[in-house]
Amino acid sequence: MLHKNFLPRLKDHLLARLRNIAYSGDEHDFSDEDRNSVLITDNKIFEHSILRINYTTYDLRREQDTINPRTRADIMVLSHEDDRTHPYWYARVIRIFHVNVEYREHPAALRTPPTRLDVLFVRWFCRDSSPAGWAAKRLQRLEFFDHESLPDAFGFLDPDSVVRGVHLIPAFAHSPTDELLGPTFARRKGDSCGDDSDWRFYYVNM
């Protein structure tokens, strides 16, 4: 089931990219009139099974991560917080897709020929505020946003914003919970904590 705000938020994301608005971590909220300037050709979304991310290792070698929503779905992007206490944000990729978009810059203009835009639909993690890092001798800990923070819990990303994949370890000492989000397609089938539950916390493996 898709939330009723899925299409408007997708169009907001596409419109920001078409207008070359730099990604700052916040999703832009355009008017319905602005959204009408974006046409998804034939109302079709083309889904993909994997995404390959090229990145540079610490010893200046080129490597590649393969992101697969069913098996290895966790990614990291640069943080856009003013307080840069931690350099990255983390998300789980739910869907990988592309759309062909036609854009009209102003009401009197003709629509542009279809342009392909690749998009990631993600479920965001937030960082747990308890002490972590070298001094605390504990890995950074993450948790999913709950159902009361749905606008922050999900979003769209340009694949070019992804730094690389990340290995997250469920915090097995804490029991799984079904209080964060109800039954949803955003949860991977066959997860060890159950189809309708999430691990309460995850550790970021260094």
Give me, ordered by chain and number, the residues 5 or more places off Arg95 or on other chains with an amide H under 5 Å from its own placed amide H. Phe121
So what J values fall out for the range 124-133 if you push phi through Karplus, 6.51 cos²θ - 1.76 cosθ + 1.60 with θ = phi - 60°, rounded to Hz, Gly and Pro as x? 7, 9, 10, 7, 5, 7, 5, x, 7, x
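If you average the sequence gap of Cα pairs under 8 Å that are 6 or more apart and divide by the length of the range 6-204, what percent do you get for the contact order? Could you put the intermediate results ahead of the total?
On the way: 363 pairs, mean separation 37.1, N = 199.
With pairs under 8 Å counted, the relative contact order is 19 percent.
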Table column - 3J(HN,Hα) (Hz), the range 110-121, Karplus curve with 6.51, -1.76, 1.60, x for Gly and Pro: 7, 6, 6, x, x, 10, 7, 10, 8, 9, 10, 9
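Compute the Cα gyration tensor for the range 8-93, then decide on rounded, prolate or oblate, letting a ≥ b ≥ c be the square roots of its eigenvalues: rounded whenever a/c is under 1.5, prolate when a/b is larger than b/c in the other cases, and oblate in all that remain. The partial results should precede the final answer.
Details: a/c = 2.39, a/b = 1.43, b/c = 1.68.
Oblate, since a/c reaches 1.5 and b/c is not below a/b.
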Virtual spin-label span in nm between Lys137 and Asn5, 7 Å along Cα→Cβ: 4.3 nm
Leu181 neighbourhood, Cβ < 11 Å, K/R = +1, D/E = -1, net charge -4
Check Arg111: other-chain or 5+ apart residues with amide H under 5 Å from its amide H, H built from backbone geometry? none
Amide H partners (placed H, <5 Å) of Val101, local residues excluded: Thr41, Thr115, Arg116, Leu117
Taking Cα Rg over 2.2 N^0.38 Å straight from the coordinates, which label in (i) 1.10; (ii) 1.47; (iii) 0.96 is the correct one? (i)
Mind putting a number on the dipole of the chain about its Cα centre? Charges go on the C-beta only, +1 for Lys and Arg and -1 for Asp and Glu, and I need it in Debye to the nearest 20. 760 debye
For the chain, longest principal axis from Cα atoms; helix 6-18 axis from its Cα atoms; angle between them, nearest 10 degrees, is 70 degrees
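Where a number appears in this text, it was derived from the coordinates with a stated rule and is not lab data. Note that the coordinates shown come from a computational prediction; the quantities given were computed from them, not determined experimentally. Don't worry about glycine lacking a Cβ; one is built from the backbone with ideal geometry, like all the others, and counts go over all protein chains shown.
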